[in-house]
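One structure is given here, and the rest of the page talks about it.
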Amino acid sequence: VKIEVEKKEFEIEDKIQTILEALIYIKENIEPNLAFRYHCKSGVCGSCSIRVNGIEKLSCVTKINSGDKIAPLNYHTKLKDLVVSSKTTLLKNLNLENKLDLESESECILCESCYSSCPVIVINSEFIGPFSLVRFYLYNNKSNLEKVQKNGIWDCTLCGNCNMVCPAGIDIKGDILKLQSISIQNGYVNPNLANFDNFNFGFNPNF
Ligand code: SF4
Ligand code: SF4
Ligand code: FES
């Protein structure tokens, strides 16, 4: 089996099952300096997220296929090979009051796969991003609602990429929609619609 890690090709023993096992094999037998993260090896810690053929995956629970191309997460600063810096600093202003009893959202393992899959980051690097919005929804209080108005819920295009890659099966897009609805109930306005009111059509529609 041959795989590519950061555009470099490696030959792996056929008996190897997962991407993480392959990375460990490469480190132990071919490239001792190869850098990647893992901890639990069982899909619960979230530390081993990478991209396989362009899609975010947990390396420890992803089966290997010949020709797989492995790369680090998008939109994170690359430290070395597959190791990137964390974006959990986006949660530094999270107010931890009034946690909702939401089983699914509480299972977020902060793997940051959703953030890597989100097309909005390309055009707005200040976007709070999907996993943060899940947390801001989980802790339901006025202070958090205020913090998701700018570079948050109204910038999401509702594309659903985040839902597709989330290993915890969280309906992230649904949570963002709920945050939008709660915001409207609390008197906030979608700034995109507010701007539309002022849009200059270049002609007087009354004629
Ligand atoms: S649904 Fe929103 S948050 Fe999720 S990936 Fe698409 S734009 Fe990003
Ligand atoms: S919401 Fe899902 S994809 Fe995003 S960080 Fe949490 S577990 Fe990972
Ligand atoms: S090593 Fe913990 S989720 Fe993969």
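May I ask you to list pairs of residues, at least six apart or on different chains, whose Cβ atoms are under 7 Å apart, with the first in the range 97-114 being in contact (Cβ under 8 Å) with a residue 60 or more places away in the chain and the second being more than 16 Å from ligand 3 (Cβ to nearest atom) and basic (Lys, Arg)?
Short answer, once both residue conditions are applied: Glu112/Lys87.
Of everything in the range 134-164 that's among the hydrophobic types (A, V, I, L, M, F, W, C) and surrounded by fewer than 22 Cβ atoms within 10 Å (Cβ to Cβ), which residue is farthest from ligand 1 (Cβ to nearest atom)?
The selected residue is Leu145.
So that you can scan it fast, the table gives a plain yes or no per residue for (1) within 16 Å of ligand 3 (Cβ to nearest atom); (2) within 26 Å of Ile121 (Cβ to Cβ); (3) modelled with pLDDT under 95; (4) not polar (S, T, N, Q):
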residue	(1), (2), (3), (4)
Glu9	no, no, no, yes
Leu23	yes, yes, no, yes
Lys27	yes, no, no, yes
Ile30	no, no, no, yes
Tyr38	yes, yes, no, yes
Ser42	yes, no, no, no
Ser49	yes, yes, no, no
Asn65	no, no, no, no
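In the range 36-56, how many are free of Cβ contacts under 8 Å to residues at least 24 places away in the same chain and within 16 Å of ligand 1 (Cβ to nearest atom)?
So the count comes out to 1.
Identify all residues within the range 77-111 that are under 30 Å from Glu13 (Cβ atoms) and under 14 Å from the mean Cα position of the chain (by Cα); write none if there are none.
Those that are under 30 Å from Glu13 (Cβ atoms) and under 14 Å from the mean Cα position of the chain (by Cα): Val84, Ile109, Cys111.
Pairs, please: C-beta under 6 Å, at least 6 apart or cross-chain, first residue touching a residue at least 24 places away in the same chain (Cβ under 8 Å) and in the range 59-80, second charged (D, E, K, R) and surrounded by fewer than 18 Cβ atoms within 10 Å (Cβ to Cβ)?
If the second residue must be charged (D, E, K, R) and surrounded by fewer than 18 Cβ atoms within 10 Å (Cβ to Cβ), the pairs left are Cys60/Lys41; Ser66/Lys2; Lys69/Glu4; Pro72/Lys78.
Before we move on, is Leu158 under 30 Å from Ile50 (Cβ atoms) and either free of Cβ contacts under 8 Å to residues at least 12 places away in the same chain or in a helix (DSSP H, G or I) (or both)?
no
The values are calculated or read from the model by the stated rules, or taken from the named source; none is laboratory data. It should be emphasised that the depicted structure is a prediction, and the values quoted were computed from it without experimental measurement. Here the Cβ is made from the backbone with ideal geometry for all residues, glycine too, and neighbour counts use every protein chain on show.
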